[in-house]
Amino acid sequence: MKNAGQKSIRIFIVPSLILCIFSLIYAQPKITGVVRNDAVILSKNKTGHFSDILENRFIIKNDSKNWKFYLDARVYLYFGEITEQLGEIDGDLMRSFIRYYADWADFTLGKTYINLGNSGIFNPFEIDKTLNFSDISYAKRGILAFESVIPMGDLSRTKIYAGYNDTLKNYSTGFDLIFNIQSFDLGMAAIKNGKNKNEKNIINTVEFGEESRNLAGFYFKGDMLLGVEASYAHHFNDKGKNDFIEANFGFDYSFFDAMFILNTIFYYNENGKINPDNYLMQNEAYFFAKYYNYSGLIYAYDEFLSFDLGVFSNLNDKSSIIIASVRNTIANGLTLILMGAFLTGKNNDEYSRRQIGEYYALARVEGRY
């Protein structure tokens with residue numbers, strides 16, 4: 001079965017690679033890039049630890065009336081104590097796909113990011129549920145997939161996909177139907193997963209075994225004096241058992257001519273644990289516990305300077321990570337970000353000062369070319 005699976009993956013990838021090579025040779029694509037350097041100081045047990053991450057992002061893209069090619073490849077260079085865990089160099093092909101725009105639908109083939117439901121933090125329909133605390137909007141890795149988006153009027157559409165996740169080692173298919181009623185977008189989404197073959201997925205191997213996992217639910221997002229959003233997803237196996245609920249609810253509000261933006265979102269994972277001693281790794285849900293909240297306040301002084309305060313809170317063990325940052329555009333394409341984080345947890349809490357550290361400070365320089 002292993003050889004058959006590898007063969008099917010090769011058959012799936014080959015057409016995408018041929019299209020990518022063709023576009024590189026004949027389409028005269030635009031090549032751009034981003035260089036980001038993160039210098040980090042972490043205080044743990046009242047001892048300072050220094051690490052540095054240099055990220056080189058190479059972007060190749062070409063757009064025309066009927067089709068688009070896009071590639072995002074990254075090379076990471078590590079310095080300082082982080083090399084003990086990650087080594088000195090690493091690389092990743094984040095995305096590489098061809099997209100064709102037909103009169104009645106858009107078709108995508110390759111390594112592409114699949115987004116179902118409301119995009120953003122704590123989305124139950126997110127395939128990759130990892131979070132980068134130093135950059136919440138950090139791009140997600142794509143999966144090998146075929147995707148089709150079919151418009152149904154100006155504000156409605158249907159999305160379907162079939163793909164393979166090389167991180168979880170499983171196949172999945174899904175659909176997303178979204179339509180509009182006045183100022184609200186309403187949608188329904190479902191994902192059918194194949195058996196998870198990743199032995200590091202603790203919650204599947206311990207509680208669920210190698211069974212197929214699926215989810216289905218609904219979501220909405222809109223404005224009524226303030227922006228509101230909510231999502232609900234029901235997880236279950238092929239027999240409709242071993243089920244649990246994942247949901248969120250949040251709102252955002254801007255004031256003083258949008259100089260200030262306040263947002264908060266609550267997250268519920270029925271399969272999470274209440275006692276920190278029982279926390280388990282989960283690929284199907286965010287984090288470990290049942291209840292979470294993220295709240296943030298952004299102050300945009302002008303188009304070049306902004307301040308951001310965000311708080312991730314585990315509402316079960318009462319631990320939090322408080323993140324404050326200032327972002328300054330020094331010149332066109334050159335940005336400086338200074339960030340600091342403080343943890344409040346104790347002992348085995350999720351955001352534990354003893355296990356993770358008391359605080360960290362980050363200086364990020366990002367240049368685009």
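The values are calculated or read from the model by the stated rules, or taken from the named source; none is laboratory data. Treat the numbers as computed from the prediction; the structure is a model and nothing was measured. As a convention, Cβ positions derive from the backbone with ideal geometry for all residues, glycine included, and neighbour counts pool all protein chains shown. When the accessible area is computed, the model is the full protein with side chains, heavy atoms only, and any ligands, DNA or RNA have been set aside. Shrake-Rupley method; radii C 1.70, N 1.55, O 1.52, S 1.80 Å.
In table form, for the structure just shown:
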quantity: Spatially proximal lysines relative to residue 241 (Cα-Cα < 26 Å; intrachain offsets below 8 disregarded); calculated: 129, 169, 192, 195, 197, 200, 273, 290
quantity: Inter-part distance where the range 118-135 and the range 46-85 are each reduced to a Cα centre, Å; calculated: 19 Å
quantity: Rounded accessible area per residue of the range 78-187, 1.4 Å, Å²; calculated: 49 Å²
quantity: Mean separation of Cα contacts under 8 Å, 6 or more apart, over the residue count of the chain: relative contact order %; calculated: 12 percent
quantity: Highest average packing first - 309-320, 78-89, Cβ atoms within 10 Å; calculated: 309-320, 78-89
quantity: Estimated 222 nm signal from helices in the chain, with DSSP H stretches of n ≥ 4 weighted -39500 (n - 2.57), rounded to 500; calculated: -2500 deg cm²/dmol
quantity: Sequence ranges 322-328, 182-188, ranked by mean other-Cβ count within 10 angstrom, highest first; calculated: 322-328, 182-188
quantity: Which label in [x] 21.6, 61; [y] 21.7, 65; [z] 25.8, 88 gives the computed Rg and Dmax of the Cα atoms in Å; calculated: [x]
quantity: Net dipole in debye of the chain [+1 Lys, Arg Cβ; -1 Asp, Glu Cβ; about Cα centre; nearest 20]; calculated: 940 debye
